[in-house]
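**Q** Starting off with a structure, shown below.
Nothing in this text is a laboratory measurement; each read-out follows from the coordinates by a stated rule. This one's a predicted model, so the numbers in the text were calculated from it and none came from an experiment. Here the Cβ is made from the backbone with ideal geometry for all residues, glycine too, and neighbour counts use every protein chain on show.
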Amino acid sequence: MAHEGKYNIKAISNMVGIQPGTLRAWERRYQILNPVRNDSGHRLYTEEDLRKLKWLTEKVSGGFTISQAVSLLETESSTVGTFEEEGEVDSPQKIRDELLTMLLSFEEGKAQDLINHAFSLYSVEKVVIDILGSLLVTVGDMWEKGQITSAHEHYTTQVLKTRISMIFYSLPSNGLLPKAIAVCGPNETHEVGLLIFTLFLRRKGFEVIYLGSSIEDKDVELIVKEVDPTFLFMSCTMMENAEKTLNLTNQMIKKFPHLKVGLGGYVFDGLDSKRKGEAQPFILGNTKEEWNSWLTKKLAEID
C-alpha cells in the first residue's frame with residue numbers, strides 16, 4: 001500500500017540517488033515526506049514518499065532548485081496523492097517524451113495537437129510548468145551537452161515559447177493593477193523561471209511586458225522610461241551574473257525612485273550575508289506563497 005512504510009533511509013537514498021543527509025534536510029525544511037515509525041522507532045518511507053522523491057529529483061536534475069521543485073509540487077495539490085505511475089497513458093512524462101520527439105522531428109502540427117490534448121487533460125499551470133517549461137529545461141540541457149544541434153534547440157524552444165506566450169496574452173489583465181516588465185538579468189539566457197513567474201503574474205491580472213533575455217542594460221532603462229511601469233522583475237540563474245543584476249537594480253532605482261524591483265533566482269540564496277542583506281528587499285523568493293507575500297507588501301506601499 002502507498003501509505004505503508006517499506007524503506008529505511010539508506011534504502012530510499014540509494015533508490016533515488018541522494019545522500020541521507022540531503023534527504024533529512026529536505027524532510028526537515030520542506031516537510032514533504034510522511035515516513036512512519038516501526039516498532040523500534042526507526043523511520044520507514046512509503047511508496048508515496050518514493051514517488052515524491054523521484055519526481056523532485058527529476059525536477060532538480062532538469063535544472064530546478066529543490067525549493068522551486070517543492071513549489072511546483074505544491075501547485076499540483078490535486079494530484080500529489082496520485083502521482084502518475086511510470087508508463088501511465090497520457091501522463092505528463094509521456095506527453096513530454098512524445099512532444100520532444102515530434103519537435104526534434106520538426107512535426108509542429110502534431111506537436112500543437114498534442115499540446116492541445118494536454119490542456120484538455122490538465123490545468124494551465126500544470127501544462128505550462130510540468131510539460132512545456134520542463135521540456136524547455138530538457139532541450140536546453142541537451143543542447144549544452146551536444147546531444148542536439150543548435151537548429152533543433154532554436155526551433156523547439158521557439159515553438160514552446162510561442163505557445164506559452166499565446167497563453168500569457170490570452171489571459172485578461174486588470175486595468176486597476178500596476179504595469180510590470182519582466183526581463184532576464186545581464187548576460188542571463190535561461191528564461192524558464194521568468195516565464196513561470198510571468199504566468200503567475202498574468203493569472204493574477206497584471207499587465208506584464210515580457211522581454212526575456214539578451215536585452216542590454218541601456219535598453220532596459222529606455223523601456224522603463226517609455227512604459228513607466230510600477231514593477232520591474234529580473235531573473236538570475238548564474239552566480240557570475242548576480243553582481244551585475246544587483247548593480248543594475250541599484251542603477252534603476254536611482255534613476256526611477258518610484259520603481260519596485262523584484263529579483264528571482266536561486267543564486268541570491270548563495271550570496272554572502274552582507275550582500276544578501278542588501279538584496280533582501282528585492283528578493284521575491286521561490287514559492288507562490290513568497291511571491292504573493294512580496295507583492296502584497298509592495299502593493300501596500302503604493303499610494
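**Q** Ignoring everything except DSSP H segments at least 4 long, calculate the 222 nm mean residue ellipticity for the chain; use -39,500 (n - 2.57) per segment, divide by total residues, nearest 500.
**A** -16500 deg cm²/dmol
**Q** Helix 20-30 sits at what angle to the longest principal axis of the chain, using alpha carbons and giving 0 to 90 degrees rounded to 10?
**A** 60 degrees
**Q** List the chymotrypsin sites (Phe, Trp or Tyr not before Pro) in the stretch 109-163 that DSSP assigns to loop (not H, G, I, E or B) and whose Cβ has at most 14 other Cβ atoms within 10 Å. Which are they?
**A** Taking the stretch 109-163 and a limit of 14 other Cβ atoms within 10 Å, no loop chymotrypsin sites (Phe, Trp or Tyr not before Pro) are found.
**Q** 5 Å is the cut-off here: which amide hydrogens, built 1.01 Å from N in the peptide plane, fall below it relative to residue 262, excluding neighbours closer than 5 in sequence?
**A** 232, 233, 234
**Q** Mind listing the long-range amide H neighbours of residue 209? Cut-off is under 5 Å, sequence gap 5 or more, other chains count too, H placed in the peptide plane at 1.01 Å from N.
**A** Residues meeting the criterion, in which the H sits 1.01 Å from N, are 180, 181, 182.
**Q** In sequence order, what are the phi-derived ³J(HN,Hα) couplings for the stretch 148-163 according to the Karplus relation 6.51 cos²θ - 1.76 cosθ + 1.60 with θ = phi - 60°, rounded to whole Hz, with x for glycine and proline?
**A** Whole-Hz 3J(HN,Hα) from phi for the stretch 148-163: 9, 7, 5, 5, 4, 5, 5, 5, 4, 4, 5, 4, 5, 5, 5, 5.
**Q** Report ³J(HN,Hα) in whole Hz for each residue of the stretch 285-301, in order, from the Karplus equation J = 6.51 cos²θ - 1.76 cosθ + 1.60 where θ = phi - 60°; Gly and Pro get x.
**A** x, 10, 10, 4, 5, 5, 4, 4, 5, 5, 5, 4, 5, 6, 5, 5, 7
**Q** The stretch 209-233 to the stretch 101-116: how many Å between their Cα centroids?
**A** Result: 33 Å between the Cα centres.
**Q** Right, next: Out of the DSSP beta bridges found with both residues in the chain, what percent are antiparallel (nearest 5)?
**A** 15 percent
**Q** Would you work out the relative contact order for the chain, in percent, from Cα pairs under 8 angstrom that are 6 or more residues apart?
**A** 12 percent
**Q** Using modelled backbone amide H atoms (1.01 Å from N, in-plane), which distant-in-sequence or interchain residues come within less than 5 Å of residue 44's amide H?
**A** Residues meeting the amide H criterion: 36, 37, 38.
**Q** Counting pairs of alpha carbon atoms under 8 Å apart in space and at least six apart in sequence, what relative contact order in percent does the stretch 172-301 give?
**A** Contact order relative to length: 24 percent.
**Q** Could I ask something else about it? Among the listed pairs 161/274; 255/297; 145/260, which have their C-alpha atoms separated by more than 27 angstrom in this model?
**A** 161/274; 145/260
**Q** What lysines could a cross-link reach from residue 6, if we take a straight Cα to Cα line under 28 Å and drop same-chain neighbours fewer than 8 places away?
**A** Residue 6 reaches 52, 54, 59, 94.
**Q** Next question, about the same structure. Going down the list 126/218; 254/276; 254/288, which pairs span over 26 Å between their C-alpha atoms?
**A** In this structure, 126/218; 254/288 exceed 26 Å between Cα atoms.
**Q** Taking Cα atoms of the chain, Rg/Rh with Kirkwood Rh, to two decimals?
**A** We get a ratio of 0.99 for the chain.
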